[in-house]
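Here the structure is laid out as structure tokens; the discussion comes afterwards.
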Amino acid sequence: MITQHSPLPRILTGIRASGQLHIGNYLSAVKPAVARQQGNELFLFIADLHALTTVKEPQKLREATYDVIATYLAAGLDHTRHAIYLQSDIPTVTELAWYLSCVTGVGFLEKGHAYKDALASQREVNHGVLYYPVLMAADIMLYEADIVPVGKDQKQHVEMARDFAGSFNAVYGDVLKLPTAHIDESVMTVLGLDGRKMSKSYDNTIPVFCDSGTLRKKVMSIKTDSTPLEEPKTLQGTLVGDLFALFASPEEFGDLASRLAAGGMGWGHAKDELFQAMNRELTAPRERYQSYRADEPFLRQVVQEGAERARTVAERVIGRVREAVGVLGRS
Ligand code: ADP
Ligand code: TRP
């Protein structure tokens, strides 16, 4: 029988440590998670094991790991009340992934979008890419998550996780708790400097905590059409407009839109206003980020404390799972 845990709903999500976070990650993953601190128990982890499917430079992995921890703290996460931890700090997750893997058909994994994309792109497809959803399922089941907020691109993975846990329960009884995926439909896909989805893989990002000089340069490099300065322009539906809407108030948006529509204003000025709006929102968290990021021993301590909390749950669950499958080993 599944035992009850904390009375607060447990919200769990992971971010891969695969490079500097961009404003798409920040607005759609980091900020919404931190905004749920009241009334929920957060389990936020840095998916460093998952990052290994693509990141092969150890120093880059370490840097990216610290970047993600510092980003959560800069966004206002109260690490004394919620758990922020490294996936690799609790290696039991790989043990649970193995048990799940033994009830999962290979054909099912071959339907994964990420795996199919990797095959289509003719990049090296390592086994980790195929196995990725199984490890992700273990991330979720090991901590008895109630809700797993993810972007649309991760929805299939959470659905697969539920299926694996369902297969496990079908064989071994009611052992694993099935989570609910929570896709916030209002979270839009933030577009990158070239108009495609902003992504670390496309080299088209605006890093969330770059210095203001770099931020300005990035914003100024957004491609716009070549309508002459004096002609009227439409802000809505452009990349500048979409980004401005994320950082400015509706009044500010309306104001800029009408000045552009009146003619006599170039995209350069509009981009400057976009930069000002972004810089206004990002300056305070950037300063906090820089001071956290400069203190790696502190960041390590924060995730170690988080791992202690997470481990308590993990040990209880893995004990139940070992009992169910019949292995006698105890760690
Ligand atoms: P990337 O594509 O840059 O490597 P990740 O796959 O590491 O990003 O995604 C981390 C989180 O950020 C996920 O929750 C994902 O849904 C979200 N995310 C990534 N890119 C964007 C984007 N352009 N707009 C909105 N959310 C995004
Ligand atoms: N796969 C997720 C991503 O690429 C990261 C992740 C790993 C995750 N394990 C998870 C998200 C468990 C939610 C729950 O963004």
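Please identify the pairs in which a residue from the stretch 93-120 that is more than 27 Å from residue 324 (Cβ to Cβ) has its Cβ atom under 8 Å from the Cβ atom of a residue that is of a type in the set (Val, Ile, Thr) and open to solvent by 40 Å² or more (accessible area, probe 1.4 Å), counting only partners at least 6 apart or on another chain.
115/125; 118/125; 119/125
Exactly one condition in (1) open to solvent by 10 Å² or more (accessible area, probe 1.4 Å); (2) out of contact with any Phe, Trp or Tyr (no Cβ under 9 Å at 6 or more places or on another chain) is not met by residue 118; state its number.
Unmet for residue 118, out of (1) open to solvent by 10 Å² or more (accessible area, probe 1.4 Å); (2) out of contact with any Phe, Trp or Tyr (no Cβ under 9 Å at 6 or more places or on another chain): (1).
Scanning the stretch 32-88 for residues that are basic (Lys, Arg) and not in a helix (DSSP H, G or I), which turns out farthest from residue 119 (Cα to Cα)?
81
Which residues, counting only those in the stretch 303-331, are over 18 Å from residue 79 (Cβ atoms), assigned to a helix (DSSP H, G or I) and either under 22 Å from the mean Cα position of the chain (by Cα) or not aliphatic (A, V, I, L, M) (or both)?
If the condition is that a residue be over 18 Å from residue 79 (Cβ atoms), assigned to a helix (DSSP H, G or I) and either under 22 Å from the mean Cα position of the chain (by Cα) or not aliphatic (A, V, I, L, M) (or both), then 314, 315, 316, 319, 320, 322, 323 are the ones that fit.
Checking the condition in contact (Cβ under 8 Å) with a residue 24 or more places away in the chain, closer than 30 Å to residue 224 by Cα and open to solvent by 50 Å² or more (accessible area, probe 1.4 Å), which residue from 270, 262, 277 passes?
One residue alone meets the criteria, 262.
Can you name every residue in the stretch 196-209 that is more than 16 Å from ligand 2 (Cβ to nearest atom) and open to solvent by 40 Å² or more (accessible area, probe 1.4 Å)?
Selection gives 196, 203.
So, in the stretch 174-192, how many residues would count as being open to solvent by 30 Å² or more (accessible area, probe 1.4 Å) and assigned to a loop (DSSP other than H, G, I, E, B)?
Residues that pass the stated criteria total 9.
Just give me the residues in the stretch 64-85 being of a type in the set (A, V, I, L, M) and either crowded, with 24+ Cβ neighbours inside 10 Å or within 26 Å of residue 39 (Cβ to Cβ) (or both), in sequence order.
68, 69, 70, 73, 74, 75, 77, 83, 84
Do you know which residues across the stretch 296-323 are within 27 Å of residue 70 (Cα to Cα), open to solvent by less than 70 Å² (accessible area, probe 1.4 Å) and free of Cβ contacts under 8 Å to residues at least 40 places away in the same chain?
The answer is 298, and nothing else.
Taking the stated definitions as given, is residue 132 in contact (Cβ under 8 Å) with a residue 12 or more places away in the chain and either within 16 Å of ligand 2 (Cβ to nearest atom) or at positive phi (or both)?
yes
Checking residue 114 against (1) touching a Leu at 6+ places or on another chain (Cβ under 8 Å); (2) under 22 Å from residue 179 (Cα atoms); (3) in a helix (DSSP H, G or I); (4) within 15 Å of ligand 2 (Cβ to nearest atom), which single condition isn't satisfied?
Only one criterion in (1) touching a Leu at 6+ places or on another chain (Cβ under 8 Å); (2) under 22 Å from residue 179 (Cα atoms); (3) in a helix (DSSP H, G or I); (4) within 15 Å of ligand 2 (Cβ to nearest atom) is unmet by residue 114, namely (1).
The values are calculated or read from the model by the stated rules, or taken from the named source; none is laboratory data. Because the structure is a prediction, the values reported are computed rather than measured. Ideal geometry is used to build each Cβ from the backbone, glycine not excepted, and the neighbour counts take in all protein chains shown. The area values use the complete protein model at the heavy-atom level, side chains included, leaving out ligands, DNA and RNA. Shrake-Rupley method; radii C 1.70, N 1.55, O 1.52, S 1.80 Å.
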